[in-house]
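Read the structure below first, then the notes.
Any read-out appearing in this document is the output of simple, stated calculations on the displayed coordinates, not a laboratory observation. Just so you know, these numbers come straight off a predicted model, no measurement behind them. Please note: Cβ atoms are built from the backbone with ideal geometry, for glycine as well, and neighbour counts cover all protein chains shown.
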Amino acid sequence: MYFLGIDVSKNKLDCSLILDVSTNKRRAKSINNSPAGISELLIWCVKHQVAVQEIHTVMEGTGVYHETAALALTDAGVTVSIVNPAQVKDFGRSLGVRTKTDGVDSFVLARFGALLNPKPWIPPSKEARTLQALLSRREAISQDLQRERNRLEKADATETPQLIRESIVDSVAFMENQLTKFQQDIDDHINKHPQLKADRELMISIPAVGPQVSNHLLAVMHNHQFQSAEQLAAYLGLVPVERQSGTSIKGRPRLSKAGPAHIRAILYMAAIVGIRHNPHIKALYQRLQERGKTKMSALGAAMRKLVHLCFGVLKTRQPYQANYAI
């Protein structure tokens, strides 16, 4: 197996191909971040007597810029791994690498793959990618709408010219219509795909899980591969991180907050509902408070429990049971 590290940017891909792992003999190439660039890269690999099926590509997850390359390489038969940038950064430090360039980063990625052999990336289905795009657009419109409402509130509290106020009112009305339309588009998209619809119905059977929580978790769980509920909770930044050493350092445990913040915000509101109406979450919350945990610490545990319940109903293919293991 030959390891190919790709440092991704908006317009180009810097690539390092390790030809000999024992000596770190390599070749480097820079290509455009486009389907044509990927075709050029594969031809370049073949010229170095490296078959497509023997290539293991390692790249970082960089927003949306890595998606085109990852999908094109997977379709061509290349094994692709998408790794956490923080892990690669720490790996580079462990190698004593201090230089920061695109070419060096691609070589570090190739060595990361050669030494750790990360698991292959499984491309999400087209319907899962579409759902994620719809939810992202709805989230963006929702944020813009809140900003316009804030401007309208400020305009009503000050001497704002009528033309400006009318413009803000028109903008608010337009965005409200767009928000309603996208929510309908999301519902229609889920209803058209039996697997998405069945999974959402299972999650909604959990008290405190509504349409927003189920839709966002549905997109996360269908766009990524999680082997356990703990992995899902870690991805969402809901696992506790401790900082203790000897007798002098005794930091208070806190949530890692390493994942998407907007999903944690939705889960926080769901946990508030859950500690009142979900028997499992309510029992956990009360038990932690009796042990002296702070309110925020207990709420973090409630958010994590909610994620575990969602993962559980999808894994067992059984709706929520209020009296299960209480």
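Computed FRET efficiency, Cβ-Cβ of Asp187 and Ala133, R0 22 Å: what is it to the nearest 0.05?
Efficiency, rounded to the nearest 0.05: 0.90.
When a/c is below 1.5 the answer is rounded, else prolate if a/b is larger than b/c, else oblate, so apply that to region 1-125 with a ≥ b ≥ c taken from the square roots of the Cα gyration tensor eigenvalues.
The shape class here is rounded.
List the DSSP H helices in the chain whose Cα atoms stretch 30 Å or more along the helix axis and whose mean Kyte-Doolittle hydropathy is at least -1.0.
Helices meeting the criterion: 162-192, 295-316.
Considering Cα pairs under 8 angstrom that are at least six residues apart, work out the relative contact order of region 54-158 and quote it in whole percent.
It comes to 27 percent, rounded to a whole number.
Do me a favour and compute the ellipsoid semi-axes for region 2-62 from its Cα gyration tensor, root of five times each eigenvalue, largest one first, whole Å.
Here the semi-axes work out to 19, 13, 10 Å.
With contacts defined as alpha carbon pairs under 8 Å and 6 or more residues apart, what's the relative contact order of region 2-116 in percent?
34 percent
Normalised by the residues of region 213-316, what does the relative contact order come to in percent, with Cα pairs under 8 Å and at least six apart?
Value for region 213-316: 28 percent.
Hey, got the dipole for the chain? About the Cα centre, +1 on K and R Cβ, -1 on D and E Cβ, debye to the nearest 20?
Computed charge dipole of the chain: roughly 1320 debye.
Mind scanning Lys126/Lys192; Lys89/Lys119; Lys29/Lys89; Lys25/Lys100; Lys295/Lys315 and naming the pairs with a C-alpha gap bigger than 24 Å?
Over 24 Å apart, Cα to Cα: Lys295/Lys315.
Report the FRET efficiency, 1/(1 + (r/R0)^6), for Thr316 and Ala36, where r is their Cβ-Cβ distance and R0 is 51 Å, rounded to 0.05.
0.65
Any idea what Rg and Dmax come out to for the chain if you just take the C-alpha atoms, in Å?
Values for the chain (Cα only, Rg and Dmax): 23.9, 73 Å.
Could you point to the residue in Asn177, Gln143, Thr158 farthest towards the positive end of region 126-192's charge dipole, with +1 and -1 charges on the Cβ of Lys/Arg and Asp/Glu respectively?
Gln143
Per DSSP H run of at least 4 residues, take -39500 (n - 2.57); add these up for the chain, divide by its residues and hand me the 222 nm value, nearest 500 deg cm²/dmol.
That comes out to -19500 deg cm²/dmol.
How about Lys293: which lysines have a C-alpha closer than 23 Å to its C-alpha, ignoring those fewer than 8 places off in the same chain?
Qualifying lysines at Cα under 23 Å: Lys250, Lys257, Lys282, Lys305.
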